[in-house]
1. Taking only pairs six or more apart or across chains, which ones have beta-carbon atoms under 6 Å, a first residue in the range 1-24 that is assigned to a strand (DSSP E or B), and a second residue that is among the charged types (D, E, K, R)?
2. Determine whether L58 is touching a Lys or Arg at 6+ places or on another chain (Cβ under 6 Å), modelled with pLDDT of 95 or more and either of a type in the set (D, E, K, R) or more than 23 Å from M174 (Cα to Cα) (or both).
Amino acid sequence: MLLFGAAGRNLGKTELAVRMIEAYAKVRPVSAIKVVTVHDHGDICPRGGKGCGICKGLKSCFDIHEEHGEGEKDTMRFARSGAQKVYLVRAFPEGLAEAMEAVCRQIPAGDVIICESNSVAGVVKPGMFFLIADETGAWKPSALAVREYADELVHSDEESFVQILKMYGPNGKMALQ
């Protein structure tokens, strides 16, 4: 599993994950997972404002939805970039480990797994955990909680993304076997 997280919003974790999916999908089957860790905020979006509704309606510790269809959601970007299976996992923190076990059982053996989440690094040991940050030095709590697990701290810029792809993509010296 290649795991992508970020110190904050809009730093490019989905973009880097999509590029890695595109690279690996040319040579191996890829399954992608987007994980949303839900904290009980009732009707208040943790990001402020009305929100998108993704945190609402979680009835048990977790749920897993195989994504199909069209749109601009991160999961649809994963599918368009070549992932054969794409899953959206929503989980309360106490259900995250069980959710990851359950979703990984659904993924065909031999698939490269690309996952986007900070919190997953606290419950799974991925092949590589890339944590993206920028020069502001601002870190959201979920990123601070897993910073020590990062295998690579990646600067949020094009040059750094290209270097990560060269090193860890399917033809790189640190490619997944």
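The values are calculated or read from the model by the stated rules, or taken from the named source; none is laboratory data. For clarity, every value in this text was computed on a predicted model and none was experimentally measured. Counting neighbours? That spans all protein chains shown, and the Cβs are built from the backbone with ideal geometry, glycine included.
1. Within 6 Å, the pairs are F4/K13; F4/E116; A6/K13.
2. No; evaluated as a whole, the condition is false for this residue.
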